[in-house]
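Quick note: the coordinates plus some simple rules give every number you see, no bench work behind them. A quick note: this is a predicted structure, and the numbers were derived from the prediction, not measured. FYI the Cβ positions are ideal-geometry reconstructions off the backbone, even for glycines, and counts take in every protein chain you see.
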Amino acid sequence: MPQVFHRSSNTLARLSIVTGAALLVSSVLIASNLSRSPYVTQVGAPVDQPVPFSHKHHVKELGIDCRYCHSTVEKSAVASVPPTHTCMSCHSQVWTNSPLLEPVRLSYLNGTPIQWNKVYDLPDFVYFDHSIHVNKGIGCNTCHGPIHEMNITYKAQPLSMSWCLDCHRQPEKYIRPKEEVFNYEYKAPANQLELGEKLVKEYNIKKEQLTDCSICHR
Amino acid sequence: MDKKQRQPLDLEEIRRRLSQARGPQYWRSLEEIADSEEFQQILEKEFPRQSSPLGAFLHRRQFLRLMGASLALAGLTSCRPLSQRKIVPQVQQPEEVIPGKPLYYASAFPMGGYARGVLVESHEGRPTKVEGNARHPATPGANGVLSMQSPTQMNPDGTPRHLGATDVFMQASILTLYDPDRSQSPMYQGQLSSWTEFNAALAAEMAKQGAVRGAGLRILTENVTSPTLAALMEELLKKFPQAKWHQYEPVNFDNSREGAKVAFGEPVNTVYRFDRADVILSLDSDFLYSGPASVRYAHDFASRRRVRKDTTSMNRLYVVESTPTVTGSVADHRLPLRPSQVAQFAVALTGALGIPVSAPDLPQEQRRWVNAIVRDLQAHRGRCVVTVGEMHHPAVHALVHAINERLGNVGQTVLYTAPVEARPVNHAGSLAELVQDMTEGKVEALLILGGNPAYNAPADTQFARLLKELTQRNGFTVHLSLYEDETSAVCQWHIPEAHYLESWGDIRAFDGTVSIIQPLIEPLYPSRSAYELVDAMLGRQRNSYDIVRAYWSRRLGNANFTKTWRKVLHDGVVANTALPPRTVKVRTEAVVGAAGNMPRPAEGLELVFAPDPTVWDGRFANNGWLQELPKPLTHLTWDNALLVSPNTAQKLGMRMDTGGLANMVDVVEVRYRGEKLRAPIWIMPGQPDDCVTLSLGYGRTRAGKVGTGIGCNAYALRFSDALWTASGVQVVKAGERYPLAGTQQHHSMQGRKLFHSGTLEEFRKDPEHFVEREIHGELPSMYPDFQWDGQRWAMVIDTSLCIGCNACVTACQAENNIPIVGKEQVASGREMHWMRIDRYYEGGLDNPDTHLQPVTCMHCEKAPCEPVCPVGATVHSHEGLNQMVYNRCVGTRYCSNNCPYKVRRFNFLKYNDPKEPVLQLLNNPDVTVRGRGVMEKCSYCVQRINAARIAAKKLGRELQDGEVMTACQTACPTQAIVFGDMADAGSLVAQLKAQPHHYGLLEEWNTRPRTTYLAKVRNPNPELEGA
């Protein structure tokens, strides 16, 4: 019986096995890298807003404290975006004719809320609480990045679970003294780990517990 | 499972098996004793019917094809861009609102005209959960407080705000608020209309009636205790002097009122002080579950029943009853008698106490009971209570007044006050009067404010027909109600009523204390309250806030009114409005005379009408939570059934099959005075022979999507002169069978001793051996003990105190966004309640003792569910919680299969998928809404633990005992459920764990459950024991 396949088929067969395996590996690699890339996580991508609000201008240039607008950040799970009334407490006096602020004035006049686009959007099964973080020495820009440098706000961190766990496993890497929480100029000292461990103890943070599922999921 | 193979229950065989058993043996149901093949199957399989709901219609190949297609298409869903979500802040932030923090407001839940105090939780303006108001007399406090999360949850003086207990109706009332079937617009003759048109029509009719001084005007209300509404009605009657105000409530207190009139010559209101009573005799009175004071009474009753190592005294409860009730299930002695026999029993008791009634000749056994009870009562003069159920003839009520007076209880455990109702009338009589006027054509305009008389009026009144005829004669008939129901259908106008959480009002509690009904939300639909409608009839246009506030500013005086008003709203009660006790004297001759004139029962069966334990008189028929709530004792859902005793069932040849998850039962025809009704039967251990019970509230024809067309309408057999009991009833087999979805078989545990009970005497003698233990001390473990210096959450449930009222189950449902699944799914064992109350019987078939055991997730320290999960979706927390991580769960259900306690629930379908946006407002934002294919179970209310822990951590202190309360614990009227940190030796839960009668469920399996029990202690009278 004559040979069915030509001898070159051997090479072809080997090649296709190797290529197949390579394809499989590379597709997994591509997929996993892609899912972590800013293309998917939207890290660093400014989000359009009805009013082009600049944190850089308000925070860095004017020196307004975070809590002036995000007034419930120390009390509640949500930091809260300010009501129109807060905007108008200044903008009834300054920039009263700016066309950029037209939506704010309209909202105030008509009593219709401004619909801001969410930049930091967690899945619904994650229950994040701002108040406990700022009360235990996690600074605003640990998660929100150089917010004082942002003209249009963008997401500074991927908000993936591994990113959350990085800190929940080792809070000493990021914790800072409570009085520095709202200080956007704060730089971690050289002995961060040493200081961090001291603070974790001082603030009575039970590290082991921070990785319990029900701390965030319930 | 093939239905054809099922066998009918062989009651003889069951009886034989029960009589052979030795020692205290607990049994869950007839099916268990019958021990059929189907029952075994339920025990062995976690999901006996786990095949697809499409199973019967889908072939294997079709199924594979569909699976392939959906798998291929599933990939496409990832192509959808993530939608941009919005943040919508308010324009003006109200001062007290902190986004993300709930607020609590005091209000009052009206039912049958009586108030139960509530504190309602509100998330950014939407009410989500009802708690009891501890300051209200009807809902006394549990032992915990609102978590100190924010100053708004504290009292103005900075003290913590206490939570009170609740009942199922209070909990479920929040679902009615968001019911998509609520009516949303005025209707004129079944067509959409508008408020403008209605206002014009009302004004025209009032002008017309004004000309004849209201001669053709009739107003029919439910029971009214509201001072404001009563004042408005009086004003209306002054303006239209010929008009008449009628009141009708299907579950009314006519017999009590008439009984008081016989005994005292005037209607008085009776208030019991069970917290002062050592011996209680209930004659058909379900005081722990029914009635406006039930939560208070359950609380007071339980306060004398807490048996601990160092307090070994408890009260004693005798119950003589014609239907197994919640109260009967906790009795130390229970005697099932027919209603007529209960009445005779009362007469005999009166005679034995030396009041000259002609005592009947009782059978030996009953005489023994009378003697024993009389001796016990006389030994506790001034410290006992005799109470009688509403169903009995006024003469029996009068007898009981005489008994209490003779026993020196008046002023001690039994208090009399002026009537609570604004205008105490005989409801059946009031309705009959209206019917008479309607028949004679005297009525031109009839305004029905609330209620549903076309459905629930007695059959002989023919109310629905008369109302329809009046409407057809172009009479001005108006029905104000939450739903467009049976009555709306035969009225000219239907106008939507505002829910109690949407409008202002006031109302009295069982003892007369006034509460202001404070709304939590703007009306969801343009609607009116009864106050506004009556005000409009008077030609005004005030809203209910102005009406109620104006009335109270007159009552409370203008000086400092704003301050007083604010305090009233905060506290939820108007101070010092409880009615003062009155001194009244029993007129013995009148009582004796009335007792002699009691009607004799006719031959044949006796039929008892009982308000349904969940849908009550039918008003909650469209409330899915209540429909799916397993009824206490029968554990039936989504239906009512004719309860028959095993003997009567045998005599009449009625069958109930051996049951799988659902039961097929015989349908019977009940005949009474020419009326007929078809009803499924339910064989009920503990039901007296020759007495059948049917609950009201079913067979609705226009209730809504949930409640229409289920069950049978007992009102069809109810007559004005026999509202509660009917004698001479015939029951014949109809030759049909009907499936009933009972949950008693579901989630059965198979093990050794699941329940422990004993007598107080045994406890006093040897508390250490009160519980027959399989193991002593800790069992060894292969693993080292877990070291943790923080909280160790645990729960102890005192089975002596559990009355099986289901408040915990409903509270859990409300707190944790638990869906309802419908009758078919319940029949497949797929109900989602995280808690169940297991019922155990002990003793013979005809009058067993009932025991109750609430079962939640045990949060085992060595949890069998955890190692079998392939994806780590259920793991332990440091504080000892067996956590369920929904976003990890892939739905293998291995955990549930491996759970010995059967407490895990699986979302077989997308149950929690409200198509109606309004239902989404109901959800608790602190708890994930679970999707299809996900396992879930009790979380120990982890959202409450986290909130309290965060609050304490921010204050830099440790959590204190009582700061974390689970939803079930808060709701429990008897405080049978205690939750806390067992690592804190001072905590209540740790103290209970140290009690000698403390035990864990299946503790011999070494799962080390965190939820444990106190064995049930009973206090039987030695004289009646061992008969």
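Backbone phi angles across the range A:160-165, fed through the Karplus curve with coefficients 6.51, -1.76 and 1.60 (θ = phi - 60°), yield HN-Hα couplings of 7, 5, 5, 5, 4, 5 Hz in residue order; Gly and Pro are listed as x.
In chain A, taking the dipole from charged Cβ atoms about the Cα centre, the farthest positive-side position among A:Ala13, A:His217, A:Val134 is held by A:Ala13.
Among B:189-197, B:762-770, how do they line up by average Cβ neighbours within 10 Å per residue, starting with the highest? Walk me through the numbers on the way to the answer.
On the way: B:189-197: 11.3, B:762-770: 15.1.
Order by mean packing, descending: B:762-770, B:189-197.
Could you tell me the calculated FRET efficiency between B:Gln191 and A:His168, based on Cβ-Cβ distance and R0 = 56 angstrom, to the nearest 0.05? Walk me through the numbers before you get to the answer.
Working: r = 61 Å, r/R0 = 1.09.
So, using R0 = 56 Å, E works out to roughly 0.40.
Between the range B:449-468 and the range B:922-960, the alpha-carbon centres lie 47 Å apart.
Send over the Kirkwood Rh of chain B, from the inverse of the averaged 1/r over different Cα pairs, rounded to one decimal Å.
On the way: mean 1/r = 0.0334 Å⁻¹.
By the Kirkwood definition, the hydrodynamic radius is 30.0 Å.
Distance between the pseudo-spin-label points of A:Leu122 and B:Lys651 (7 Å out from Cα toward the beta carbon): 6.6 nm.
Can you tell me the relative contact order of chain B? Whole percent, Cα pairs under 8 Å, sequence separation 6 or more.
Working: 2223 pairs, mean separation 161.5, N = 1027.
With pairs under 8 Å counted, the relative contact order is 16 percent.
For B:Ala243, nonlocal amide neighbours, meaning residues 5 or more places apart or on other chains whose placed amide H falls under 5 Å from its own, do not occur.
Ordering B:Ala464, B:Leu922, B:Gln627 by the projection of their Cα atoms onto the charge dipole of chain B, which places +1 on the Cβ of Lys and Arg and -1 on the Cβ of Asp and Glu, puts B:Leu922 at the extreme positive end.
The relative contact order of the range B:269-417, computed from alpha carbon pairs under 8 Å that lie at least 6 residues apart in sequence, is 32 percent. Distance between the modelled labels on A:Asn204 and A:Arg36, one decimal in nanometres: 3.8 nm (7 Å Cα→Cβ projection).
Amide H contacts of B:Arg888: none lie under 5 Å away among residues 5 or more positions distant or on a separate chain (H built 1.01 Å from N in the peptide plane; Pro and chain starts excluded).
Would you please put B:165-176, A:161-172 in order of how densely packed they are, using the mean number of other Cβ atoms within 10 angstrom per residue and starting with the highest?
In decreasing order of mean packing, B:165-176, A:161-172 become B:165-176, A:161-172.
Between the range B:309-369 and the range B:686-725, the C-alpha centres lie 27 angstrom from each other. Taking A:Gly44, A:Gly63, A:Gly137 in turn, the Gaussian network model of chain A (Cα-Cα springs below 10 Å) assigns the largest fluctuation to A:Gly63. For the range B:973-1004 versus the range B:813-831, the spacing of their alpha-carbon centroids is 29 Å. Shielding value for A:75-81 is 6, the average number of Cβ atoms from other chains within 10 Å of each residue's Cβ. With N as its number of residues, the range A:103-218 has a Cα radius of gyration that, divided by 2.2 N^0.38 Å, comes to 1.26. Working note: Karplus 6.51/-1.76/1.60 with θ = phi - 60° gives the range A:183-190 the couplings 8, 6, 8, 4, 10, 4, x, 5 Hz, where Gly and Pro are set to x. Mean residue ellipticity at 222 nm, helices only, chain B: -8000 deg cm²/dmol; runs of at least 4 DSSP H residues each add -39,500 (n - 2.57), and the sum is divided by the number of residues. Taking N as the residue count of the protein assembly as shown, its C-alpha radius of gyration divided by 2.2 N^0.38 Å amounts to 1.00. Here chain A is assigned +1 on the Cβ of each Lys and Arg and -1 on the Cβ of each Asp and Glu. Its dipole about the Cα centre then comes out at about 580 debye. Return the lysines within reach of B:Lys1016: Cα separation strictly under 18 angstrom, same-chain partners fewer than 8 residues apart disregarded; answer none if there are no such residues. Qualifying lysines at Cα under 18 Å: B:Lys309, B:Lys753, B:Lys765, B:Lys993. Here the Karplus relation 6.51 cos²θ - 1.76 cosθ + 1.60, evaluated at θ = phi - 60°, turns the backbone of the range B:857-870 into coupling constants of 4, 7, 6, 4, 5, 10, 6, x, 6, 6, x, 8, 7, x Hz, with x for every Gly and Pro. Can you work out the FRET efficiency for the pair B:Tyr545 and B:Asn898, with r the C-beta to C-beta distance and R0 = 60 Å, to the nearest 0.05? Plugging the Cβ-Cβ distance into 1/(1 + (r/R0)^6) gives 0.60. Taking amide H atoms as placed 1.01 Å from N in the peptide plane, the amide H of B:Val388 lies under 5 Å from those of B:Leu283, each 5 or more residues away in sequence or on another chain.
Determine the percent antiparallel among the DSSP beta bridges restricted to the protein assembly as shown, to the nearest 5. So the antiparallel bridges in the protein assembly as shown amount to around 60 percent. Rounded to the nearest 10 degrees, the inclination of helix A:192-202 to the longest alpha-carbon principal axis of chain A is 60 degrees. For the range B:177-220, a simple Cβ point-charge model (Lys and Arg +1, Asp and Glu -1, everything else neutral) yields a dipole of about 300 debye relative to the Cα centre. Within 10 Å of the Cβ of each residue in B:90-100, the mean number of Cβ atoms contributed by other protein chains is 6. Of all the options A:Thr112, A:Thr19, A:Thr96, the one that moves most in a Gaussian network model of chain A with Cα springs shorter than 10 angstrom is A:Thr19. Could you give log10 I(q)/I(0) at q = 0.15 Å⁻¹ for the range B:494-620, computed by the Debye formula over C-alpha point scatterers of equal weight, without solvent? Here log10 of I(q) over I(0) equals -0.91. Ordering B:292-299, B:817-824, A:86-93 by mean Cβ neighbour count within 10 Å, with the highest value first, yields B:292-299, B:817-824, A:86-93. Between A:Ile30, A:Ile147, A:Ile132, the Gaussian network model of chain A with springs among Cα atoms under 10 angstrom shows the greatest mean-square fluctuation at A:Ile30. A full extension of the chain between B:Ala734 and B:Glu774 corresponds to an added length of 9.5 nm, given 0.36 nm per residue minus the alpha carbon distance.
Say R0 is 25 Å: what FRET efficiency, to the nearest 0.05, do B:Asp846 and B:Arg678 get from their beta-carbon distance? Walk me through the numbers on the way to the answer.
Values: r = 27 Å, r/R0 = 1.06.
Efficiency for this residue pair is about 0.40.
Between 0 and 90 degrees, the angle of helix A:8-36 with respect to the longest Cα principal axis of chain A falls at about 10 degrees.
Quotient of the Cα radius of gyration of chain A and 2.2 N^0.38 Å, N being its number of residues: 1.47.
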